[in-house]
Amino acid sequence: MSQDKPVNQAWGGRFGEATDAFVARFTASVRFDQRLYRHDIAGSIAHAEMLTRVGVLTQAERDAIVAGLTAIAAQIADGRFTWSEALEDVHMNIESALTAAIGTAGKKLHTGRSRNDQVATDIRLWLRDEIDAILAEITRLQQALVEVAEREADTIMPGFTHLQTAQPVTFGHHLMAWYEMLGRDHSRLIDCRKRLNRSPLGAAALAGTSYPIDRHHSAALLGFDGPTANSMDSVSDRDFAIEFCAAASLLMTHLSRASEELILWASAQFRFVDLPDRFCTGSSIMPQKKNPDVPELVRGKTGRVTGHLVALLTLMKGQPLAYNKDNQEDKEPLFDTADTLRDCLRAFADMVPALQVNRTAMRAAARAGYATATDLADYLVRRGLPFRDAHEAVGKAVAHGIASGRDLAELSLDELRVFAPTIASDVFAVLTLEGSVAARDHIGGTAPTQVRAAVAQARDGLARRAAPLQAQS
Ligand code: ARG
């Protein structure tokens with residue numbers, strides 16, 4: 001090595017010239033992976049503890065390392081730490097600062113490990129914390145949905161298929177549908193967390209290490225359920241990041257669908273809900289405008305999260321075992337996925353309880369769209385008509401109603417009898433919106449009693465979640 005060409009101290013031994021300045025910038029990750037610093041330091045402390053336990057480090061070296069790393073964590077948290085691109089990534093920045101602070105003991109920290117198992121450990125630890133925060137935010141949104149669903153258990157609105165008025169439902173029932181989607185998202189993330197919670201530490205570069213390490217010990221110190229099984233898989237596996245992005249994409253898809261509904265409902269054509277002003281913005285040219293920016297942005301951000309999932313799948317598809325530098329590209333999509341998801345969940349959890357519900361507009365819309373036509377057909381079936389004939393008769397009655405600008409309930413008994421002579425005066429009870437929703441009185445149905453039962457069950461489930469995550473299956 002020529003003396004006048006400074007090379008990277010961590011790996012420069014065999015290099016004859018310094019890294020090209022552009023290449024140094026191109027290959028460095030510290031500008032984005034520095035956000036792993038807390039988890040990197042936690043992983044290093046666990047590694048040092050383990051090395052001490054097996055006799056590779058002395059107690060004094062361990063003490064110096066732990067004190068040094070703890071001080072560095074505080075410096076970074078206070079913004080007093082100077083990150084250096086020349087030191088490539090978060091791992092080497094911290095290790096170099098440690099050695100500068102405590103001398104030789106710092107140089108021993110990297111015994112029996114590699115940045116390959118180190119970074120795999122860091123991301124798992126970081127993602128585990130993110131998942132916990134996201135789970136809490138999903139729960140907060142679900143709690144909000146349950147509250148509003150209970151309040152609106154009797155509120156009648158049109159239910160849609162093909163975005164055409166189908167049958168009356170209650171607004172509480174609609175919100176509990178959102179609740180169900182989020183419940184599946186929650187359990188998918190719990191599942192992802194379980195699978196990621198294994199420690200790759202000790203896999204070293206790819207083959208393991210010749211030191212007498214205790215992988216169970218470092219895994220336990222970091223709250224992992226145990227060590228990963230295969231060293232080569234350990235350093236190259238990013239399934240957990242892909243699984244997380246897949247669960248996140250689906251969650252965003254759910255939020256996007258809900259956003260689309262809010263945007264429709266807030267329009268002048270629906271007027272089902274009013275979004276509080278604080279969640280909207282105006283137009284610089286059209287004074288009447290109040291735009292539903294927050295749901296629109298959530299809908300829009302769904303694209304980038306799904307994009308990150310595709311990016312990670314594509315990142316991995318051609319990689320031979322074991323670690324490849326490609327893997328450095330896992331971080332930005334993963335970070336942005338977690339950030340975006342947290343922001344969108346937060347926006348929803350804040351917005352849902354603040355929705356102003358226009359019950360009059362919902363009811364008027366349900367009345368206007370012949371939403372009780374199925375109820376009339378079911379009535380005819382109860383009076384002995386085969387369902388297909390009943391369907392045909394009611395279809396004709398609807399056409400008559402459309403032609404004369406009236407709902408089914410506004411037709412006279414004589415008019416209705418033209419289409420089905422078995423109709424009696426008790427028909428008007430089934431043509432009411434309340435009668436229609438109350439009739440769907442079974443598990444999963446829209447009857448207000450069922451919505452209240454679903455709310456009660458949901459509250460039970462949410463209360464059970466307060467138990468520690470590890471205890472959940
Ligand atoms: N910055 C790297 C990454 O994010 C850390 C691991 C680097 N390992 C290596 N052998 N170059 O993946």
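The values are calculated or read from the model by the stated rules, or taken from the named source; none is laboratory data. No experiment lies behind these values; they were computed from the predicted model shown. Counting neighbours? That spans all protein chains shown, and the Cβs are built from the backbone with ideal geometry, glycine included. The protein model used for the area step is the full one, side chains on, heavy atoms only, and it has no ligands, DNA or RNA in it. Shrake-Rupley method; radii C 1.70, N 1.55, O 1.52, S 1.80 Å.
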query = When you count, for each residue, the other Cβ atoms within 10 Å and take the mean per peptide, how do 93-101, 9-17 rank with the highest first?
reply = 93-101, 9-17
query = Of the accessible area of segment 239-368, with the probe set at 1.4 angstrom, what percent is carbon plus sulfur?
reply = 53 percent
remark   = With Cα coordinates, the longest principal axis of the chain makes an angle with the long axis of helix 293-317, in degrees rounded to 10, of 50 degrees
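Only loop residues by DSSP count here, and only those with at most 15 other Cβ atoms within 10 Å; note down the trypsin sites (Lys or Arg not before Pro) in segment 346-394 that meet that. Please report the intermediate quantities before stating the final value.
On the way: sites: R346, R359, R363, R367, R382, R383, R388; in loops: R383.
Here the trypsin sites (Lys or Arg not before Pro) that fit, given the DSSP loop and packing criteria, are R383.
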inquiry  = At R0 = 60 Å, how high is the FRET efficiency between D389 and D239 if r is their beta carbon distance? Nearest 0.05 is fine.
reply    = 0.60
message = Report the Cα centroid-to-centroid distance between segment 252-311 and segment 116-180 in angstrom, as an integer.
response = 16 Å
request  = Determine, from the Cβ-Cβ distance of S84 and R464 and an R0 of 56 Å, the FRET efficiency 1/(1 + (r/R0)^6), rounded to the nearest 0.05.
outcome  = 0.70
note = Mean separation of Cα contacts under 8 Å (at least 6 apart) over the residue count of the chain, i.e. the relative contact order in percent, is 16 percent
remark   = Simple spin-label estimate for E410/D129, 7 Å along Cα→Cβ, in nm, reads 6.2 nm
key: Degrees separating the helix 59-77 axis from the principal Cα axis of the chain, which is the longest one   = 50 degrees
inquiry  = I'd like the orientation of helix 331-351 relative to the chain: the angle between its Cα long axis and the longest Cα principal axis, in ° from 0 to 90, rounded to 10.
reply    = 40 degrees
inquiry  = Can you give the local net charge around A377? Use residues other than it whose beta-carbon is closer than 15 angstrom to its beta-carbon, Lys and Arg +1, Asp and Glu -1.
reply    = +1
ask   = What is the extension gain from H400 to A67, computed as 0.36 nm multiplied by their sequence separation minus the C-alpha to C-alpha distance, in nm to one decimal?
value = 111.4 nm
task = Show me 409-421, 276-288 ranked by packing, highest mean number of other Cβ atoms within 10 Å first.
result = 409-421, 276-288
ask   = Where does the chain land at 222 nm, in deg cm²/dmol rounded to the nearest 500, when only DSSP H runs of n ≥ 4 count, each adding -39500 (n - 2.57), divided by all residues?
value = -20000 deg cm²/dmol
